[in-house]
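Just so you know, all these numbers are worked out from the coordinates, no wet-lab data involved. Since we're looking at a predicted model, the values are computed, not measured. Positions of Cβ are generated from backbone atoms using ideal geometry, with glycine treated the same way; all protein chains shown enter the neighbour counts.
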């Protein structure tokens with residue numbers, strides 16, 4: 001993996017418009033040509049490099065652009081969302097997360113800790129299964145139905161005794177999320193922790209992220225979660241507008 005990343009960095013730094021040939025890549029990387037060819041072939045297959053059949057030179061592929069665009073998109077999202085999640089944290093006096101979906105997982109990309117409610121089990125960059133989190137359910141509820149079925153087909157393993165593991169029940173939960181505009185989690189991912197989340201939409205109406213309020217069960221009973229759900233939805237809608245979303249069917 002490290003040697004493949006080294007090749008990418010060399011092509012990015014030295015390749016220019018024409019790219020680099022196998023001999024030049026081998027020399028700059030300090031690797032045998034056979035090794036470089038094998039690594040470069042994998043990178044070509046995955047779209048990170050493109051090989052010119054006429055010159056046998058390698059240049060960066062579109063997959064690199066996709067990664068860069070995703071990074072910049074998340075950076076912009078964090079910048080736009082931070083004032084709103086800060087305000088929500090102060091209003092709720094609970095910890096607030098910003099997260100995105102990655103296949104069958106969600107990833108937290110920002111966390112604003114409430115002084116009175118230390119949530120030690122989460123960190124920025126942490127991945128959680130999409131079906132056990134309020135964030136995941138908030139995003140899945142407004143995603144393509146095929147995405148939902150793909151998650152269900154992958155299994156709904158229990159994290160706690162409260163996790164919804166029956167497909168029909170899970171679909172019913174997502175339907176309720178669509179009606180309410182927010183998702184509630186009652187100890188489904190971590191014992192003694194409840195949460196509520198609302199989705200953030202981009203200019204096309206696609207759910208691209210979500211904000212989550214989480215805390216101890218004693219502090220967040222169901223009635224409080226429903227109250228915070230409405231407030232979280234308002235904050236998520238405001239962020240969606242900042243991302244170019246024109247409010248319609250989702251609000």
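The figures follow:
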item	result
Ratio of the Cα radius of gyration of region 1-142 to 2.2 N^0.38 Å, where N counts its residues	1.45
Exposure proxy order (Cβ contacts within 10 Å, fewest to most) of 246, 184	246, 184
0 to 90° range, to nearest 10: angle between helix 62-92 axis and the chain longest Cα axis	20 degrees
Relative contact order of the chain, defined on C-alpha pairs under 8 angstrom at six or more residues apart (%)	15 percent
Gyration tensor (Cα) of the chain, equivalent ellipsoid semi-axes in angstrom	42, 19, 18
Sorted by Cβ density within 10 Å, fewest first, the residues 140, 220	220, 140
Estimated Rh, region 2-60: Kirkwood, alpha-carbon pairs, angstrom	10.9 Å
Exposure proxy ranking, count of Cβ atoms within 10 Å, fewest first, for 137, 206, 161	161, 206, 137
Region 195-221 versus region 150-173: alpha-carbon centroid distance in Å	19 Å
